[in-house]
1. Picking from B:Trp98, B:Trp47, which residue would you name as being more than 14 Å from every other protein chain (Cβ to nearest Cβ), among the aromatic types (Phe, Trp, Tyr), open to solvent by 70 Å² or more (accessible area, probe 1.4 Å) and out of contact with any Gly (no Cβ under 8 Å at 6 or more places or on another chain)?
2. Kindly list the number of the only condition in (1) more than 22 Å from A:Lys96 (Cβ to Cβ); (2) within 13 Å of chain A (Cβ to nearest Cβ); (3) small (Gly, Ala, Ser) that fails for B:Ala38.
3. Taking the range A:75-98 only, how many residues are in contact with a Ser or Thr (Cβ under 6 Å, 6 or more places away or on another chain) and in a strand (DSSP E or B)?
4. Can you tell me which residue is farthest from A:Pro70 (Cα to Cα) among those in the range A:18-44 that are open to solvent by 60 Å² or more (accessible area, probe 1.4 Å) and either within 11 Å of another protein chain (Cβ to nearest Cβ) or assigned to a helix (DSSP H, G or I) (or both)?
5. Give just the number: which of (1) without any contact (Cβ under 8 Å) to a residue 12 or more places away in the chain; (2) within 11 Å of another protein chain (Cβ to nearest Cβ); (3) over 14 Å from A:Lys86 (Cβ atoms) does A:Lys51 not satisfy?
6. Would you point out the residue of the range B:11-25, among those that are within 15 Å of B:Asp154 (Cα to Cα), in contact with a helix residue (DSSP H, G or I) (Cβ under 7 Å, 6 or more places away or on another chain) and not hydrophobic (A, V, I, L, M, F, W, C), that is farthest from the other protein chains (Cβ to nearest Cβ)?
7. Touching a strand residue (DSSP E or B) at 6+ places or on another chain (Cβ under 8 Å) and at pLDDT 85 or above: which single residue out of B:Leu135, B:Leu113, B:Leu105 fits that description?
8. Considering only residues that are of a type in the set (S, T, N, Q) and open to solvent by 30 Å² or more (accessible area, probe 1.4 Å), which ones fall in the range B:110-135?
Amino acid sequence: MKNIILNINKAFDHRIRLGIMSVLMVNEYADFNTLKELLGATDGNLASHTKALEKVDFIKVEKQFIGRKPNTKYIATELGKKEFKKHIDALEKLIKNK
Amino acid sequence: MSSENYLKDISEIKTLMNKSSRFISLSGLSGILAGFYALIGATFAYWFYTLDGNEYIVIESEIFNFLILDILIVGILSVGTAIFLTTKKAKKNDEKIWDSLTRRLLTSFIVPLLAGGIYILIILNQQKYGQTGALMLLFYGLALLNASKYTLGDVKYLGYTQIILGLLCAVFPSYGFWFWVIGFGFMHIIYGASMYYKYDRK
């Protein structure tokens, strides 16, 4: 039981963060508006959660301009993908054990 | 957090992964109808062909023009039905019909299909007619396989089936017509029906 708890990652302990990671796991990248729409989050909310994930190097941020509009792309890093998998495995085990 | 919350998390993760990477509003019914159009088109083609009495189809003959028209009508009807029914289903599912996901789906489908189409036109121009049927099935199968990454998994198996039929057709070119009937007619109906029962009926 101790091991399972060990693998639960604090960085993912919010549904928006889990959501961001799950979208980035199956897509090469996602931009800010796509994430906002999929997760039903507000601008500020999403920005703070992406920042938190960026801080621990689980996602990468690429800023660019499309025409004159700024466009922000988010990409999951190798580390982020690895940690996310561990986290999900731990969640699944936790549910099965109960 | 209780395990119920974790369970909810996991199911939400799964939906998000599917929703963001796959376009799931593809209509099974349009597959069935495309198959029927193909069968009707094939019946007309066969009827005219036997009526004509010649063993070979000559380019620039009336029957050749009729066959081209026949194929075009079947194609336009199938694509039109697919667009109409899929848009309707997407609206019902509250999914977007034109976003980066559907663009990816369409490019991955159209690029191999277009490459194949141009290649077929080139070899027709060089008067190599024998493999046309096989090539159409083959490239259509490859296009489906390529597009299946972004939509319902069943499309992949339809792609494999068309590829196998295309290769068989290349070995037995004189049965090309019948491979077409199986590939574009019956297989569309079978896969369309299986998708309809699996996803559309709720």
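The values are calculated or read from the model by the stated rules, or taken from the named source; none is laboratory data. Here the structure is a predicted model, which means the values were calculated and not measured. In this analysis, Cβ positions are derived from the backbone assuming ideal geometry, glycine residues included, and neighbour counts consider all displayed protein chains. Please note that ligands, DNA and RNA were not included when accessible areas were found on the heavy atoms of the full protein model with its side chains. Shrake-Rupley method; radii C 1.70, N 1.55, O 1.52, S 1.80 Å.
1. Details: B:Trp98 fails: more than 14 Å from every other protein chain (Cβ to nearest Cβ).
Exactly one of B:Trp98, B:Trp47 is more than 14 Å from every other protein chain (Cβ to nearest Cβ), among the aromatic types (Phe, Trp, Tyr), open to solvent by 70 Å² or more (accessible area, probe 1.4 Å) and out of contact with any Gly (no Cβ under 8 Å at 6 or more places or on another chain), namely B:Trp47.
2. It fails just one condition, (2).
3. Of the residues in the range A:75-98, the ones in contact with a Ser or Thr (Cβ under 6 Å, 6 or more places away or on another chain) are A:95, A:98.
From the residues that got through so far, the ones that are in a strand (DSSP E or B) too are none.
So the count comes out to 0.
4. Residues of the range A:18-44 open to solvent by 60 Å² or more (accessible area, probe 1.4 Å): A:26, A:28-29, A:33, A:36-37, A:40, A:42-43.
This time we only want the ones that are either within 11 Å of another protein chain (Cβ to nearest Cβ) or assigned to a helix (DSSP H, G or I) (or both), so: A:26, A:28-29, A:33, A:36-37, A:40, A:43.
Numbers: A:Val26: 24, A:Glu28: 19, A:Tyr29: 16, A:Asn33: 11, A:Lys36: 15, A:Glu37: 17, A:Gly40: 21, A:Asp43: 14 Å.
Only one residue fits best here, namely A:Val26.
5. (2)
6. Our first condition is that a residue be within 15 Å of B:Asp154 (Cα to Cα); within the range B:11-25, this holds for B:18, B:22-25.
From what's left, in contact with a helix residue (DSSP H, G or I) (Cβ under 7 Å, 6 or more places away or on another chain): B:22-25.
From what is left, the residues that are not hydrophobic (A, V, I, L, M, F, W, C) are B:22, B:25.
Numbers: B:Arg22: 8, B:Ser25: 16 Å.
So, considering only residues that are within 15 Å of B:Asp154 (Cα to Cα), in contact with a helix residue (DSSP H, G or I) (Cβ under 7 Å, 6 or more places away or on another chain) and not hydrophobic (A, V, I, L, M, F, W, C), the one farthest from the other protein chains (Cβ to nearest Cβ) is B:Ser25.
7. Details: B:Leu135 fails: touching a strand residue (DSSP E or B) at 6+ places or on another chain (Cβ under 8 Å); B:Leu113 fails: touching a strand residue (DSSP E or B) at 6+ places or on another chain (Cβ under 8 Å).
Of the residues listed, the single one that is touching a strand residue (DSSP E or B) at 6+ places or on another chain (Cβ under 8 Å) and at pLDDT 85 or above is B:Leu105.
8. Kept after step one, since they are of a type in the set (S, T, N, Q), are these residues of the range B:110-135: B:125-127, B:131-132.
Listed by number, the residues that qualify are B:Asn125, B:Gln126, B:Gln127, B:Gln131.
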